[in-house]
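Some notes on the structure that comes next.
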Amino acid sequence: MIGTAAFWGATGVAAADASSAGTLVPLTPKFRACKFTWAVNVATNGKGSGQTVISKTAPNKVVAQVELIAAEPQAHYNVRLIQSPKSCAGCVAGDAGVTAGGIDTDGTGAGARTLQDTIAANATGVWVFIDHPSPHSQTPIDFYTSEFIASI
């Protein structure tokens with residue numbers, strides 16, 4: 001059962017209540033920079049949506065259960081769990097505070113992936129970035145990001 005989230009002003013951070021199994025975070029077709037700022041003028045071909053449940057599993061572990069719905073059928077998506085605030089400039093696979101994986105969607109555009117990471121010493125929250133790479137550009141064809149940063 002998913003608990004309710006308590007929102008903290010305009011900071012974009014939410015926390016699960018103490019009795020919850022995690023924080024439910026909607027995924028929307030917004031392109032975000034590593035500092036979670038929204039790049040308004042980046043277009044997407046994406047028509048799908050998704051959600052993730054962010055939870056703390058141990059004193060120093062965070063888990064994101066990521067689910068895409070009605071995305072591009074039979075496609076590969078890169079998935080990143082990004083800790084915030086960022087301790088380095090980048091947020092690609094292999095950077096500090098970033099765990100990466102992939103989702104391969106089925107014929108309906110659905111797919112799921114669970115990512116887990118050790119919480120960095122300065123991290124206060126996490127968010128998810130999903131993208132379907134373009135074969136002809138560095139800008140992805142399709143992308144989805146967390147609507148807010150989930151508190152850890």
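The values are calculated or read from the model by the stated rules, or taken from the named source; none is laboratory data. What you see is a predicted model, and the numbers here were worked out from it, not measured in a lab. Heads up, the Cβs are rebuilt from the backbone with ideal geometry, glycines too, and the neighbour counts pull from every protein chain shown.
Descriptive notes on the structure:
- Flag if Ala70 is farther than 22 Å from Thr37 by Cβ and hydrophobic (A, V, I, L, M, F, W, C): yes
- Criterion violated by Thr44 - all others in (1) modelled with pLDDT under 95; (2) in a strand (DSSP E or B); (3) surrounded by 16 or more Cβ atoms within 10 Å (Cβ to Cβ) satisfied: (2)
- A single entry from Ile130, Ile82, Ile141, Ile149 fulfils the requirement of being in contact with a Lys or Arg (Cβ under 8 Å, 6 or more places away or on another chain) and either within 21 Å of Lys30 (Cβ to Cβ) or surrounded by fewer than 21 Cβ atoms within 10 Å (Cβ to Cβ) (or both): Ile130.
- The one condition in (1) within 20 Å of Ala21 (Cβ to Cβ); (2) under 16 Å from the mean Cα position of the chain (by Cα) that Val98 fails to fulfil: (1)
- Pairs with Cβ under 8 Å, 6+ apart, first in the range 130-152 and more than 18 Å from Glu72 (Cα to Cα), second part of a loop (DSSP other than H, G, I, E, B) and charged (D, E, K, R): Glu147/Lys30
- Val63 vs. criteria crowded, with 17+ Cβ neighbours inside 10 Å and β-branched (Val, Ile, Thr): yes
- In the range 131-152, the residues that are assigned to a loop (DSSP other than H, G, I, E, B) and either on the phi > 0 side of the Ramachandran plot or of a type outside the set (Val, Ile, Thr) (or both): Pro133, Ser134, Pro135, His136, Ser137, Gln138, Pro140, Glu147, Phe148
Listed here are the residues, each with its yes/no results for (1) surrounded by 19 or more Cβ atoms within 10 Å (Cβ to Cβ); (2) of a type in the set (A, V, I, L, M, F, W, C); (3) over 18 Å from Ile152 (Cβ atoms); (4) modelled with pLDDT of 95 or more.
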{"site": "Ile2", "(1), (2), (3), (4)": "no, yes, no, no"}
{"site": "Trp8", "(1), (2), (3), (4)": "no, yes, no, no"}
{"site": "Ser20", "(1), (2), (3), (4)": "no, no, no, no"}
{"site": "Thr23", "(1), (2), (3), (4)": "yes, no, no, yes"}
{"site": "Lys35", "(1), (2), (3), (4)": "no, no, no, no"}
{"site": "Cys91", "(1), (2), (3), (4)": "yes, yes, no, no"}
{"site": "Gly97", "(1), (2), (3), (4)": "yes, no, no, no"}
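- Segments classed as strands (runs of 3 or more DSSP E), wholly inside the range 47-127, with at least 1 members that are under 14 Å from Ser146 (Cβ atoms) and in contact (Cβ under 8 Å) with a residue 40 or more places away in the chain: 49-58, 61-69, 76-84, 111-118
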